[in-house]
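Reviewing the structure listed below.
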């Protein structure tokens with residue numbers, strides 16, 4: 001018994017050693033200055049969309065849309081008119097201004113005024129995520145046989161969306177099928193250029209993807225990476241990339257989980273903000289005075305963010 | 001000896017890498033779901049039940065891995 005316990009201890013220690021700290025020499029902490037809010041509580045944000053006029057839509061708690069007007073400093077929340085049995089995930093705003101989400105795994109819905117469901121399309125297969133590129137929706141189908149295209153693009157109702165970008169799901173030989181599928185769930189951030197950043201939860205890298213699907217992968221120096229097994233079993237997994245935003249100059253802003261201070265509260269969000277040149281060279285990497293959940297806008301050397309406390313705030317690295 | 005090696009490999013694979021409650025709950029639910037699916041008589045229904053278990057697991061961990 002004692003021998004087994006010893007082996008377990010040794011093995012756990014060895015597993016912990018697999019945690020790869022690339023480098024995270026954060027400089028002095030940058031203050032996060034509240035502007036207005038709160039916009040959301042600690043509920044999970046399952047999707048984000050924005051327009052060019054400073055308006056951001058968040059899918060909160062799977063059942064509400066929160067619209068934040070950064071210019072007017074206004075917040076509006078509407079409940080989605082869906083049954084409580086089927087929560088929504090993913091949020092996509094097309095060029096025509098229409099807003100879409102996934103209801104459950106198999107239904108694509110258009111969100112109308114006051115949270116009304118305007119249109120519904122049954123999907124042939126289960127889906128994990130939904131994003132947008134111009135006039136097309138980007139679908140992430142539930143894919144259990146990697147490698148396969150991570151995203152497919154098509155207009156609403158298109159039964160045969162086409163592979164979009166070079167990003168493919170990755171095999172994980174040592175992991176169960178369900179775990180590999182979970183690690184292949186992709187996220188995409190916002191961009192003010194022609195390239196949109198997308199990433200996997202375990203990688204310190206983003207793929208910058210053009211509307212045409214042309215893709216370039218940018219490794220991100222300085223972000224902490226942990227082993228996939230640890231990521232899958234953590235309550236609050238330390239993700240190298242929690243959010244990414246490309247500003248109008250092509251500078252990539254990355255929000256990373258980092259390591260919270262010892263006395264930090266349990267609020268959601270990342271503690272590190274990094275910036276990279278359009279080619280991926282590290283410009284700066286700084287810790288934050290409080291956790292940040294999303295980068296809502298970045299311009300002129302400063303970022304407007306959503307904090308762990310739900311406030312809209314500003315950060316100037 | 002074999003038992004020790006298997007135990008070590010299981011731990012190294014992260015399956016019991018001291019999960020904290022929420023996502024440990026996802027893993028436990030997956031194991032329970034697989035157990036129930038394995039009891040289904042029909043091969044195809046059993047296969048479909050297993051797939052449902054995996055989809056439920058990914059739903060469970062999605063908010064932690066890709067939620068903001």
Evaluate the relative contact order of the stretch A:175-294 (contact order divided by residue number), counting alpha-carbon pairs under 8 angstrom at least 6 apart; express in whole percent. 19
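Mind ordering B:52-63, A:199-210, A:93-104 by average Cβ neighbours within 10 Å, highest first?
Numbers: B:52-63: 20.1, A:199-210: 22.2, A:93-104: 18.0.
Put in order of decreasing packing, that is A:199-210, B:52-63, A:93-104.
For chain A, what is the calculated [θ] at 222 nm in deg cm²/dmol (nearest 500), taking -39500 (n - 2.57) for each run of four or more DSSP H residues and dividing by its residue count?
-2500 deg cm²/dmol
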Chain A: relative contact order in percent, alpha carbon pairs under 8 Å with at least 6 residues between: 16
Once you place label points 7 Å from the Cα toward the Cβ at residue B:52 and residue A:210, how far apart are they in nm? 4.6
Over the stretch B:20-66, what is the relative contact order in whole percent, taking alpha-carbon pairs under 8 Å and six or more residues apart? 44
GNM result for chain A, Cα springs below 10 Å: residue of A:73, A:216, A:105 fluctuating most strongly: A:73
Quick check: residue separation of residue A:281 and residue A:96 times 0.36 nm, minus the Cα distance between them. What number comes out in nm? 63.1 nm
In whole Å, largest first, the alpha carbons of the stretch A:89-138 cover along the principal axes 26, 23, 15
Space enclosed by the convex hull of the alpha-carbon atoms of the protein assembly as shown, per residue, Å³: 148
Mean projection of the alpha-carbon convex hull of the stretch B:20-66 over all orientations, in nm²? 3.0
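Read the figures in this text as sums done on the coordinates, not as results from a lab. Everything numeric in this text was worked out from a predicted model, so none of it was measured. With ideal geometry, Cβ positions are generated from the backbone for all residues, glycine too; neighbour counts draw on all protein chains shown.
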